[in-house]
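Just below is one structure, and these are the notes that go with it.
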Amino acid sequence: MMENQYYPFVNTPLPYDYGALEPFIDEKTMHLHHDRHLQTYIDNLNQILEQNAWLQSYSLEELLYNLNGIPEHQSEGIRRNAGGVYNHRFFFDTMSDRKNNEPKGMIKQEIDNTYGTFENFKCIFKKAALAVFGSGYAWLVKSGRGLNIIMTANQDTPIEFGVYPIIAIDVWEHAYYLKHYNQRAAYIDNWFQVADWEKAEENLMRI
Ligand code: MN3
């Protein structure tokens, strides 16, 4: 997440092979999701910034923090496209093919403090991810008080709410339809097999 934070944005490669998350998330979905869906957000964002040079000095996160300071006719395009870039990079970055990957260290402690057990957390997080109506994301975030689960619509980001994302699942249908059809619950179960808790720990330690 540290590289390429400024215009012009490029589609940085996935941190693993397209087929690395098989059999839980299929290679074709990863190709389409990264090379087409994310690419479109990157192209659209670059196009907006090309036409609004004064915004080119903002980092990706700064664009999202400052949506209220951007004139309305531009802020909607920034919200959608900078949000699409931020959310997809975050989502891809917090999955991996690491084996026996369960929360350890600080993140385990925080999850146990807030949810009692990892199993109970998974149950609550799954309910939240199922409850996103239409397109959006479910996030585990850290706020002033501790861990929290939030849902965002479309390409809205948790950045706007002043919280720090720890791990996220994309529940737009394009994230799962090819393999799971309309079975979002099965996709969420499979996502738990590839959710990267070491990355989550890194995200928590960075705050
Ligand atoms: Mn997506």
Note: M106 to F192 extended length (0.36 nm per residue) minus current alpha-carbon separation gives 29.1 nm
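For region 65-132, count the residues as N, evaluate 2.2 N^0.38 Å, and divide the Cα radius of gyration by that value, please.
1.56
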Taking a crude spin-label model, label points 7 Å out from Cα along the C-beta direction, the K127 to Y6 distance in nm is 4.6 nm
Hits in region 152-173: amide N under 18 Å from the 7 Å Cα→Cβ extension of R206, namely 157-170
The alpha-carbon center of region 96-172 and that of region 1-66 are separated, in whole Å, by 21 Å
For the chain, the Cα-Cα pair-distance distribution in 10 Å bins from 0, as whole percents, is 8, 35, 37, 17, 2
Under a Gaussian network model of the chain whose springs join Cα atoms within less than 10 Å, the largest fluctuation of M30, M106, M95 belongs to M106
Comparing Y177, Y187, Y41 in a Gaussian network model of the chain (Cα, 10 Å), the one with the largest mean-square fluctuation is Y177
For region 57-121, averaging the sequence separation of alpha carbon pairs under 8 Å that lie six or more residues apart and dividing by its residue count, the contact order in percent is 21 percent
Neighbour-count ranking for T152, T157 (other C-beta within 10 angstrom, fewest to most) reads T152, T157
Scoring only Lys, Arg, Asp and Glu (+1, +1, -1, -1) among other residues with Cβ under 14 Å from the Cβ of Y177 yields +1
Ordered by fewest other Cβ atoms within 10 Å, a rough proxy for footprinting exposure, I207, I48, I107 read I207, I48, I107
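Report the extension gain between Q39 and E76 in nm, rounded to one decimal, defined as 0.36 nm multiplied by the number of residues separating them, less their alpha carbon distance. Working shown, then result.
On the way: separation 37, 0.36 × 37 = 13.32 nm, distance 1.85 nm.
This chain segment gains 11.5 nm when fully extended.
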In deg cm²/dmol, rounded to the nearest 500, the helical mean residue ellipticity at 222 nm of the chain, built from -39500 (n - 2.57) for every DSSP H run of length 4 or more, is -14000 deg cm²/dmol
Cα-based Rg then Dmax for region 115-178, in Å, read 11.9, 39
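Each value in this text was obtained by applying a stated rule to the coordinates, not by laboratory testing. Since the structure is predicted, the reported quantities are computational estimates derived from the model, not experimental observations. Every residue, glycine among them, receives a Cβ derived from its backbone with ideal geometry; neighbour counts consider all protein chains shown.
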